[in-house]
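For reference, the structure is listed below as structure tokens.
Coordinate-derived values only; no laboratory data. Remember, it's a predicted structure, so these values are computed and weren't measured experimentally. Reconstructed Cβ throughout: ideal geometry from the backbone, glycine too, with neighbour counts over all protein chains shown.
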Amino acid sequence: MTNVKTGLLDMSDISAVEIRSLIKLASFFSEVAKRPIPKVPVLTGKQVVTAFFEPSTRTRLSFEVAARKLSADVVTFTTATSSLTKGESIKDTALTLRELGGNLLIVRHNCAGVPHQIASWVDIPVINAGDGRHQHPSQALLDCYTISQNFTLTENDFTGLEVVIVGDITNSRVARSCVEAFTTLGARVTLVAGPTLLPAAPVFSANDRVSITEDLDGALATADVVYLLRVQLERMDKNAFPTVREYRTRFGVDRRRSALMKKSAVIMHPGPINRGVEIASDVAEQQNVLIGDQVKNGIAMRMAIIYNLLTSKYEL
Ligand code: CP
């Protein structure tokens with residue numbers, strides 16, 4: 001994968017070959033999960049530390065489950081009960097976690113760049129588990145794995161797949177990582193959003209596999225994957241849209257919109273979902289909605305990422 005010393009910080013660090021290798025490894029680890037004893041002893045004696053300075057359910061827990069399935073010890077750093085509340089700096093916190101025996105640091109922070117900064121201070125790999133509006137690479141990788149399970153592809157080449165990413169693009173680190181990952185594997189991506197939900201500078205325009213539209217109904221008709229983003233009220237400018245009702249009308253997927261999709265198309269969402277906003281509650285329960293698979297695949301893909309960073313046995 002990326003640099004074994006600095007870890008997994010940004011999707012742009014990873015090539016198509018490396019993404020495909022991680023998908024293969026995740027697929028192997030999914031099989032491990034089905035065994036009577038769903039663990040492997042490969043990381044016995046290693047210590048994985050999760051340091052989440054921002055709330056999380058899926059990412060933190062699935063990294064911790066993944067590390068335990070690889071037989072690593074897991075240390076959970078919790079900000080509310082830590083010496084951060086007494087004024088200790090992030091740098092001293094990270095150095096302390098290293099000195100306590102950490103071999104891998106998994107970091108989430110609401111400011112872009114914090115995992116990169118921590119990686120420059122410690123001599124162990126750091127995984128970016130989401131930094132502000134910037135990047136969420138492990139989410140994009142588990143989404144690539146989930147897509148690969150649902151379409152007939154040759155060597156996980158996404159050429160010919162049409163992915164539509166809908167909603168709050170400007171605040172979404174998931175969108176930034178997914179656009180890079182999906183297009184790196186060959187997919188075409190259409191971003192569906194109004195001007196107030198797009199970055200001020202069109203950061204995606206340099207990529208000729210990415211287009212932008214406000215017409216969700218039109219985009220749904222040709223999509224293979226409809227990827228809905230959470231409306232990120234905690235990061236949002238108050239004026240991004242007037243009301244939740246307006247957002248739902250323009251960018252929410254309800255039964256009418258779901259019926260516009262191809263029979264073979266799937267709906268994805270990184271979670272947590274706002275039921276009744278970006279996705280209607282009844283649509284969220286449909287067979288073609290892969291939200292549960294994404295969570296499950298998060299464990300296997302994160303096993304692959306951790307394994308890759310902490311062993312030299314598997315060469316990508
Ligand atoms: N998808 C995702 O990052 O979810 P959490 O915030 O629950 O980790």
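Relative contact order of the range 1-156, please, whole-number percent, based on alpha carbon pairs below 8 angstrom and at least 6 residues apart.
Values: 226 pairs, mean separation 45.3, N = 156.
Normalised by residue count, the contact order of the range 1-156 is 29 percent.
Ranked by Cβ crowding within 10 angstrom, fewest neighbours first, how are H134, H269 ordered? Each step should come with its number before you reach the end.
On the way: H134 19, H269 24.
Neighbour counts put them in this order, fewest first: H134, H269.
Evaluate the distance, in nm, between pseudo-label points positioned 7 Å from the Cα of S281 and of L61 along their respective Cα→Cβ axes.
In this crude spin-label approximation the distance works out to 2.1 nm.
Around L95, with a cut-off of 13 angstrom between Cβ atoms, what is the net charge of the other residues, counting Lys and Arg +1 and Asp and Glu -1?
Details: positive: K91, R98; negative: E88, D92, E99, D123.
Neighbour charge sum, excluding L95 itself: -2.
Angle between the Cα long axis of helix 16-33 and the longest principal axis of the chain, 0 to 90 degrees, nearest 10?
Approximately 70 degrees, to the nearest ten.
Gaussian network model of the chain, Cα springs within a sub-10 Å range: biggest mean-square fluctuation belongs to which of T154, T196, T183?
Maximum fluctuation in the GNM of the chain, among the listed residues, is at T154.
Give me the number: length gained by fully extending E88 to T44, i.e. 0.36 nm times residue separation minus the C-alpha to C-alpha distance, one decimal in nm.
Working: separation 44, 0.36 × 44 = 15.84 nm, distance 3.11 nm.
Roughly 12.7 nm would be gained on extension.
Looking at the chain as a GNM with Cα springs under 10 Å, which of E234, E99, E155 has the largest mean-square fluctuation?
Looking only at E234, E99, E155, the largest GNM fluctuation is found for E234.
Kindly give the semi-axes, whole Å and largest first, of the ellipsoid equivalent to the range 93-208, taking each as the square root of 5 times a Cα gyration tensor eigenvalue. Mind dumping the intermediate values first?
Numbers: eigenvalues 179, 74, 20 Å².
With the √(5λ) rule applied to the range 93-208, the semi-axes are 30, 19, 10 Å.
How large is ³J(HN,Hα) for each residue in the range 284-291, as worked out from phi by the Karplus curve 6.51 cos²θ - 1.76 cosθ + 1.60 (θ = phi - 60°), to whole Hz, x for Gly and Pro?
Values, residue by residue: 4, 8, 5, 4, 8, 9, 9, 4 Hz.
In whole angstrom, note down how far apart the Cα centers of the range 263-287 and the range 97-135 are.
Cα centroid of the range 263-287 versus Cα centroid of the range 97-135: 31 Å apart.
Based only on Cα atoms, what Rg/Rh ratio does the range 137-290 have, Rh being taken as Kirkwood's radius? Walk me through the numbers before you get to the answer.
On the way: Rg = 14.3 Å, Rh = 15.4 Å.
We get a ratio of 0.93 for the range 137-290.
Between K263 and E31, what is the FRET efficiency for a Förster distance of 41 Å, r being their Cβ-Cβ separation, to the nearest 0.05?
Working: r = 29 Å, r/R0 = 0.71.
Calculated value: 0.90.
Report, for the chain, the % of DSSP beta bridges that are antiparallel, rounded to 5.
Values: 1 of 37 bridges.
Roughly 5 percent of the DSSP beta bridges within the chain come out antiparallel.
By how many degrees, between 0 and 90 and to the nearest 10, does the Cα long axis of helix 58-69 differ from the longest principal axis of the chain?
Once rounded, the angle reads 40 degrees.
Test of understanding: ordering I169, I37 by Cβ neighbours within 10 Å, fewest first, what list do you get?
Details: I169 23, I37 6.
Ascending number of Cβ neighbours within 10 Å: I37, I169.
If you average the alpha carbon positions of the range 155-230 and of the range 7-36, how far apart do those two centres end up, in angstrom?
22
Using each residue's phi in the range 138-144, evaluate 6.51 cos²θ - 1.76 cosθ + 1.60 at θ = phi - 60° and report the 3J(HN,Hα) Karplus result to the nearest Hz, with x for Gly and Pro.
5, 5, 4, 5, 5, 5, 4
Report the label-to-label distance for Q117 and N150 in nanometres (one decimal), using points 7 Å from each Cα along the Cα→Cβ vector.
3.7
Taking the alpha-carbon set of the range 70-113, what are its Rg and Dmax in Å?
Reported Rg and Dmax, both Å: 11.4, 35.
Tilt of helix 90-99 relative to the longest C-alpha principal axis of the chain, in degrees (0 to 90, nearest 10)?
Roughly 50 degrees between the two axes.
Can you sort S62, S82 by how many other beta carbons sit within 10 Å, fewest first? Before the final figure, lay out the partial values.
Values: S62 24, S82 15.
With the fewest neighbours first, S62, S82 line up as S82, S62.
Taking all pairs of different Cα atoms in the chain, averaging 1/r and flipping that mean, what Kirkwood radius in angstroms comes out? Each step should come with its number before you reach the end.
Values: mean 1/r = 0.0501 Å⁻¹.
This gives a value of 20.0 Å.
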